[in-house]
Amino acid sequence: MLTALSAKNKLGLITEKITKPQIDSPYYSFWKRCNDMVIAWITNSLSKNIANNVMGFDTAKDIWDDINERFGTSNGSKYINIQRQINAASQGPLDIATSFTKLRGLLDELSTAYVGLVCTCGALPKFIEQQKIYQFLSGLNESYPTCKSNILMMSSLPSLRKAYSILQHDEKQKET
């Protein structure tokens with residue numbers, strides 16, 4: 001939703017960078033139209049029950065705040081459950097693309113459920129990226145030992161996408 005609002009240049013309505021003008025302002029009708037449009041976008045993306053619950057609010061900002069207050073908190077139990085799924089993930093009979101997509105979905109879901117502090121030093125994000133690579137490689141079946149070993153022996157670990165690309169290339173080579 002944030003990406004869509006930003007792309008439409010409407011993010012300021014929920015961050016209050018675009019403030020509500022006075023009713024007698026010549027800009028009020030423009031603000032009102034944009035606000036109503038964002039309210040429609042938000043409520044149309046919600047379940048009917050939740051949408052009905054927020055219809056009484058006058059501004060997109062009020063709706064956004066209410067939704068974030070009720071549903072925006074991180075969930076530690078969910079985080080632990082997703083982490084277990086990631087740790088148990090294995091390629092099995094799946095091809096590299098399907099296995100990677102499944103793991104990537106879990107990793108993305110994990111990042112949205114994260115409950116810890118946010119680091120701005122740069123070291124933690126690099127560590128987390130490396131952990132994702134290790135999780136991906138450890139879940140692969142035993143048909144890629146050389147390729148996995150080559151990736152792990154690199155002087156600097158590649159990105160997760162690059163490791164996936166290398167393994168996918170290896171898989172295609174084995175098919176021919």
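The values are calculated or read from the model by the stated rules, or taken from the named source; none is laboratory data. Here the structure is a predicted model, which means the values were calculated and not measured. So basically every Cβ, Gly included, is an ideal-geometry build from the backbone, and we count neighbours across all protein chains shown. These accessible areas exclude ligands, DNA and RNA; they are computed on the full protein's heavy atoms, side chains included. Shrake-Rupley method; radii C 1.70, N 1.55, O 1.52, S 1.80 Å.
Each row is one residue, and each column tells you yes or no for (1) touching a helix residue (DSSP H, G or I) at 6+ places or on another chain (Cβ under 6 Å); (2) under 30 Å from Gly139 (Cβ atoms); (3) at pLDDT 90 or above.
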residue: Thr43; (1), (2), (3): yes, no, yes
residue: Leu46; (1), (2), (3): no, no, no
residue: Ala51; (1), (2), (3): yes, no, no
residue: Ser74; (1), (2), (3): no, yes, no
residue: Leu94; (1), (2), (3): no, yes, yes
residue: Lys102; (1), (2), (3): no, yes, yes
Query - Residue check for Lys126: of a type in the set (Lys, Arg) and at pLDDT 90 or above - result: no
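Going by what's in this entry, would Glu16 be described as open to solvent by 70 Å² or more (accessible area, probe 1.4 Å) and in contact with a helix residue (DSSP H, G or I) (Cβ under 7 Å, 6 or more places away or on another chain)?
Criteria met by Glu16.
Filter region 66-92 down to residues that are in a helix (DSSP H, G or I) and either open to solvent by less than 40 Å² (accessible area, probe 1.4 Å) or touching a Pro at 6+ places or on another chain (Cβ under 6 Å) (or both), then give me how many there are. First the steps, then the outcome.
Our first condition is that a residue be in a helix (DSSP H, G or I); within region 66-92, this holds for 66-71, 76-88.
Remaining after also requiring either open to solvent by less than 40 Å² (accessible area, probe 1.4 Å) or touching a Pro at 6+ places or on another chain (Cβ under 6 Å) (or both): 66-67, 76, 82, 86.
Selection size over region 66-92: 5.
State the number of residues belonging to region 129-170 that are outside any loop (DSSP other than H, G, I, E, B), modelled with pLDDT of 90 or more, closer than 22 Å to Ala88 by Cα and touching a helix residue (DSSP H, G or I) at 6+ places or on another chain (Cβ under 8 Å).
Initially, region 129-170 is screened for residues outside any loop (DSSP other than H, G, I, E, B), giving 129-139, 145-152, 160-170.
Next, only the ones that are modelled with pLDDT of 90 or more stay: 130-139, 145-152, 160-170.
Going one step further and asking which of them are closer than 22 Å to Ala88 by Cα, we end up with 130-139, 145, 147-149, 151-152, 160-161, 163-164, 167-168.
From what's left, touching a helix residue (DSSP H, G or I) at 6+ places or on another chain (Cβ under 8 Å): 132-133, 135-137, 139, 147-148, 151-152, 160, 163-164, 167-168.
The total comes to 15.
Would you say Ile63 is more than 23 Å from Thr112 (Cα to Cα) and surrounded by 17 or more Cβ atoms within 10 Å (Cβ to Cβ)? Spell out how you get there, then give the answer.
Numbers: more than 23 Å from Thr112 (Cα to Cα): no; surrounded by 17 or more Cβ atoms within 10 Å (Cβ to Cβ): yes.
For Ile63, the condition - more than 23 Å from Thr112 (Cα to Cα) and surrounded by 17 or more Cβ atoms within 10 Å (Cβ to Cβ) - is not met.
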**Report entry** Candidates Met55, Met1, filtered to the one that is farther than 30 Å from His169 by Cβ and surrounded by 13 or more Cβ atoms within 10 Å (Cβ to Cβ)
**Finding:** Met1
Query raised in the report: Is it the case that some residue within region 24-46 is among the hydrophobic types (A, V, I, L, M, F, W, C), surrounded by 16 or more Cβ atoms within 10 Å (Cβ to Cβ) and touching a residue at least 60 places away in the same chain (Cβ under 8 Å)?
Result: no
